[in-house]
Every structure is written in structure tokens, then in C-alpha cells.
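One structure is given here, and the rest of the page talks about it.
None of the figures in this text is laboratory data; all of them are computed from the coordinates on show. A quick note: this is a predicted structure, and the numbers were derived from the prediction, not measured. Cβ placement follows ideal geometry from the backbone for every residue including glycine, while neighbour counts extend to all protein chains displayed.
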Amino acid sequence: MRSVWLQDFSWQEIESFRDAGRGPILIPVGSVEQHGMHLPLGTDSMVAISLAEEAAKRSNAIVTPPLWFGWSPHHLALPGTISIRAEMLIEVMFDIVKSLATHGFTGFVVINGHRMVNIPWLQISAERAQRELDVRMAIFDPSYMSKELADELGFGEIGHAEEIETSHMLHVMPHLVRMDRARNHGPEETLHYHIDPRSSRDTLCYVPTTAKRLKEVSRVSGGTGGRPKLASSEKGKRLHEHLVDRLVEVIHEFQRKA
């Protein structure tokens, strides 16, 4: 195919794609929010887009235009962040799937670059789509799909704009990373609050902090939570390749069950 992006094709070509049973449809979702002083606002979306595009090329899948915005109320503390209400995002995702289901597509993989903050509303929308539209949905999240690799790469716990995201961006968008501006900041340890999917410890569920609190902390952290100075493009390459491999496996599983 000359492209993997749905918007680059005519309706006849998409019809032929559907008739050939070459699904599922990939939907990259991220956010536009502050990512410290060293990463671009579009980091989450760029990660999701890069994973979707490469996996689609390897599996003959189609990718919708990305949903750039996510639920980011806490990051409104710093300029440039655009936050969309969760209830609106639920409806937008449902309408994307409903539109394509109307044309006969039955399998959808959402690639989420915004980690646990996007997951609740994506789950609600995906459940509704499966129940009302008789489609099959999957949510692919890098944090959950790299648990087998993260310790090997020496990654610390998930934070924000830390060595994990920074390494990934050093691989996929190195020209947008300013390592000279990176600032390590280890957040205070909180009793029974360990939100990393790799953690085996007892934990409360994730609740985003407030914009007021983040603004206070950002005076020291610059908007970072973690150790971005430990990032490297080599780690990012290994992470990216692992995630693309896993995503291709998910796509192939959809294709086998189509």
C-alpha cells in the first residue's frame, strides 16, 4: 500500500480494503499536554502515531487520523495543554467506531499513548461499542504491553516525561527532544500508592493530581516526574521495537478471528 492512513485513500479503496477482510482498524489516541521542559506537548500522541503507523505497515492494516487530545485536567497547570472532558472523549471515540462499523468494519485496536489517564474513558467507550455495535475492541497501552521488557531496560517506575517516555521519543522524534533541558525529579513516596502496572505492591487506584498541586511542584520539577536524564535512544529503540512486535501480534490475532 502507498499509505496506511485512512485519510489518504478514496472511499472505493477503503471499500476494497474492507471486502478483502484486511482489518482491524487502528485508532491512535494521545494527548496534547506539558511533558516537562525537554519533551514536546504532543509526546503521547506522537508515540501512539509512530506505533500505529509502523505496525500497520507490517500487517497491512489501516490507521484512522489520530485523536490528538486526551483528558489532562491536571496538566492545565502549564501552558499549551489542551484537555477534553472525559465524557466528550467517550462520545467521540464511540462515534469514530460507529461510523466505521456502519461501513462493515468489525475490529478496532485503540493505541493509547496517554497511559492510565486515558484508559477509563477508553474502556467505557469500548465496552459500549462492543455491546451496541457488535464489534470487537482492544486497547493497546505501552505501559501494560512492556512489562516484560521494562525491568531489563532498567526503567524506573512510571512517572511523567521520565526515562521511559524520553527514551521512546529519542528514538521516534529525536529532533524534538531537548536533553539539555531535562530535569530529574523524584516525587515523594506516598503510602499505598504505586500506579505503575509492573508494581506488585498493594496500591490505591490512580487519581490525577490537581492543576494547583502540579503548578506548585512544577517550580522544582519543571513538569517532570522521574529520571529523564537516564534516557537513551538505544533504550527507546528496544522499547519501540518490542511494542511494535506486540502490536503486530495483536493485529494478526484479530485477522485470524475475523
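The shape of segment 1-96 comes out prolate: with a ≥ b ≥ c from the C-alpha gyration tensor, a/c is at least 1.5 and a/b beats b/c.
Mean-square fluctuations from a GNM of the chain, with a 10 angstrom spring cutoff on Cα atoms, peak among V207, V177, V97 at V207. With both residues required to sit in segment 32-169, DSSP beta bridges show an antiparallel share near 25%. Among beta bridges identified by DSSP and lying wholly in the chain, the antiparallel ones come to about 20 percent. Considering only V47, A101, L133, and ranking their Cα positions along the charge dipole of the chain that arises from unit charges at the beta-carbon of Lys, Arg, Asp and Glu, the one farthest toward the positive end is V47. Note on D245 and K215: with the Förster distance fixed at 45 Å, the Cβ-Cβ geometry gives a FRET efficiency of about 0.70. Cross-link reach is defined here as a Cα-Cα straight distance under 30 Å, omitting same-chain residues fewer than 8 places apart; for K147 the lysines meeting it are K57, K229, K235, K237, K257.
The residue among N184, L170, I27 whose Cα reaches farthest toward the positive pole of the charge dipole of segment 6-256, with charges on the beta-carbon of Lys, Arg, Asp and Glu, is N184. Given their separation in residues at 0.36 nm each and the Cα-Cα distance between them, R131 and T102 gain 9.0 nm when the chain is fully extended. Remark: the chain carries a charge dipole of roughly 320 debye about the Cα centre, counting +1 on each Lys and Arg Cβ and -1 on each Asp and Glu Cβ. Here the extension length gained between E15 and K237 equals 76.4 nm, from 0.36 nm per residue of separation less the Cα-Cα distance.
Approximating the spin labels as points 7 Å out from Cα along Cα→Cβ, the S200-to-R181 distance works out to 4.0 nm.
Our helix-only sum for the chain, with -39,500 (n - 2.57) per DSSP H run of n ≥ 4 divided by its residues, gives a mean residue ellipticity at 222 nm of -14000 deg cm²/dmol. Highest GNM mean-square fluctuation among E13, E53, E91, for the chain modelled with Cα contacts below 10 Å: E13. The long axis of helix 163-172 is offset from the longest Cα principal axis of the chain by roughly 50 degrees.
Taking Cα atoms only, the orientation of helix 86-102 departs from the longest principal axis of the chain by about 20 degrees.
Going by alpha carbons, how many degrees (0 to 90, nearest 10) lie between the helix axis of 115-133 and the longest principal axis of the chain? Relative to the chain, helix 115-133 is tipped by roughly 20 degrees. Size descriptors for the chain: radius of gyration and Dmax over Cα atoms are 18.3, 57 Å.
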